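**Student:** Below is a structure I'd like to ask you about.
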Amino acid sequence: MKKTMPGVSGSATAGSKEKKTDRTSLLLRIIQAANDTLDPEKVISAIMDSIQKIIPCEAWSILLMDQDELVFQRARGVAAGKLEYARLKVGEGIAGWVALKREPVIANHVARDPRFNSSFDQASRFKTRSILCVPLVSRGILLGVVELINRQSAGYRFTRKDLKLLLLLLGPVAVSLHNALLFKETEKLAITDDLTKLYNTRYIHNCLGKMIDDRKNSRERFSIIFLDLDGFKSVNDSFGHLVGAKTLIEIGKIIFDTAGYGNIVARYGGDEFVVLLPQAGAIEARDIAERIRTDILTHDFQAVLPSHIRISASFGISVFPDHAETLTELIQKADNAMYAVKYSGKNAVQLAN
């Protein structure tokens, strides 16, 4: 005769086995979903979508490493909006401690835990009672941490079983996230200028081609600004190429900051830069170009140059579809307008003919 443990019915035992089987099946589906993509955002979504199914809690988040800080990449649950893209120093708070020590923590009475940082509670008016936090480690590299807050159970208490389940999930998923982050970094390097860390010529050409294809029917305008620094060769000749490189980095920052959100800035090569304005016609493009011209001209370069010197630039603008409807012609028209400024005195903005 089949025996059961005292006080435990056969149906209860079967139910426990079914629950364990369902949980294992869920874990496998989540891990498979993470493995099937090289998009970090989708891997993070797979992690975030799965946590509440496995360990019900009031809030949960994933923080990724950015140099010596943890950045909230995604948060769910109560007060999630207050956490998005907030930052923590490694060692700060329970999440920072977990990152520093690379050890998981169950803190069921955070008010008594000296590591607990209450600043996010104060900002969000949320009450943290308990925390389960686990490091995300792949191939010996710390990617970040996953933090669960306030277990939906009596006393809000997390258990060792919860920790074991989370570790079971995050082990293989961390590898998937690591692969996705490495792939994204490789893609980024392929479209990024080595010196200024702005986009490069390849990226601008890809963007231009796509925008032209997308707007052929709508005829919606967009603009491109070409700018070339005036007499920059003298900087290299006078102070050396290392100083010249630092100056180009500084100018790249000026252009990026002045161009504004939603516009695309690239180093085209040498001391030429391009600004792609997806929503701008001629008037808006000219205004932005004038602001960039003024900001470069009035910038104090003494932090990177040994002596006080003013740097200026010449600008050319072309507009789709007003001046051209192909990638090559748009670039050529902006380039021609820029060279017209060069020949007529430099340090000015000109619209293509």
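**Student:** What whole number of Å gives the distance from the Cα centroid of the range 288-305 to the Cα centroid of the range 306-341?
**Tutor:** Between the Cα centre of the range 306-341 and that of the range 288-305, the gap is 17 Å.
**Student:** So what are the three principal axis dimensions of the range 12-189 from its Cα atoms, in whole Å, longest to shortest?
**Tutor:** Rounded to whole Å, the extents work out to 53, 41, 28 Å.
**Student:** Mean Kyte-Doolittle of at least 0.0 and a Cα length of 20 Å or more along the axis: which whole DSSP H helices of the chain meet both?
**Tutor:** Sorted by number, the helices that extend far enough and score high enough are 40-54, 160-190, 241-259.
**Student:** Note the full-extension length gain between GLN52 and ARG215 as 0.36 nm times their separation in residues minus their Cα-Cα distance, in nm to one decimal.
**Tutor:** 54.5 nm
**Student:** Keeping to pairs on different chains or 8 or more places apart, tell me how many lysine pairs in the range 12-189 have Cα atoms under 17 Å apart.
**Tutor:** 12
**Student:** Given a Förster radius of 22 Å and the C-beta distance between ASP237 and ASN336 as r, what FRET efficiency does 1/(1 + (r/R0)^6) yield to the nearest 0.05?
**Tutor:** That pair, ASP237 with ASN336, gives E of 0.20.
**Student:** While we're here: Set the Förster distance to 30 Å, then compute FRET efficiency between ASN347 and ASN206 from the Cβ-Cβ distance, nearest 0.05.
**Tutor:** Here the calculated transfer efficiency is 0.45.
**Student:** Oh, and also: Could you name the aspartates and glutamates in cross-link range of LYS333, using Cα to Cα under 18 Å and dropping any fewer than eight places away on the same chain?
**Tutor:** Result set, ordered by chain and number: ASP228, GLU272, GLU284, ASP322, GLU325.
**Student:** Can you work out the Karplus-derived ³J(HN,Hα) for every residue in the range 64-70? Use 6.51 cos²θ - 1.76 cosθ + 1.60 with θ = phi - 60°, whole Hz, and x for glycine or proline.
**Tutor:** 10, 6, 9, 6, 9, 10, 9
**Student:** Something else about it: For the chain, restrict the atom set to alpha-carbon positions and state the Rg and Dmax in Å.
**Tutor:** According to the Cα coordinates of the chain, Rg and Dmax are 27.7, 103 Å.
**Student:** So, one more: How much FRET efficiency would the formula 1/(1 + (r/R0)^6) give for LYS253 and PHE116, where r is the Cβ-Cβ distance and R0 is 41 Å, rounded to 0.05?
**Tutor:** 0.60
**Student:** If you don't mind, another one. Any idea which of ALA123, THR326, LEU276 is furthest toward the positive side of the dipole for the chain, if Lys and Arg beta-carbons carry +1 and Asp and Glu beta-carbons -1?
**Tutor:** ALA123
**Student:** Still on this structure, I have one more. Between the DSSP loop rule and a limit of at most 16 other Cβ atoms within 10 Å, which GluC sites (Glu not before Pro) in the range 187-261 are left?
**Tutor:** Listed in order of number, the matching sites are GLU220.
**Student:** Using modelled amide H (1.01 Å from N, peptide plane; none on Pro or chain starts), what sits under 5 Å from the amide H of LYS89, excluding residues fewer than 5 places away?
**Tutor:** LEU70
**Student:** Which value in deg cm²/dmol, rounded to the nearest 500, describes the helix-derived mean residue ellipticity at 222 nm for the chain, given -39,500 (n - 2.57) per DSSP H run of n ≥ 4 and division by the residue count?
**Tutor:** Estimated from H runs of four or more residues: -15500 deg cm²/dmol.
**Student:** Related question: Which value, in debye to the nearest 20, describes the size of the charge dipole of the range 280-320 about its Cα centre when Lys and Arg Cβ atoms bear +1, Asp and Glu Cβ atoms bear -1, and nothing else is charged?
**Tutor:** The dipole magnitude comes to about 120 debye.
**Student:** Amide H neighbours of THR192 under 5 Å, at least 5 residues apart or on other chains, H built in the peptide plane: list them.
**Tutor:** Answer set, sorted by chain and number: ASN200.
**Student:** Let me ask something additional. Could you give the dipole magnitude of the range 12-189 about its Cα centre, charging the beta-carbon of Lys and Arg +1 and that of Asp and Glu -1, in debye to the nearest 20?
**Tutor:** Roughly 740 debye for the range 12-189.
Taken together, the values in this text are just the output of simple stated rules run on the coordinates, not laboratory data. Not measured: the values here are computed from a predicted model. For neighbour counting, all protein chains shown are included, and Cβ atoms are generated from backbone atoms with ideal geometry for every residue, glycine included.
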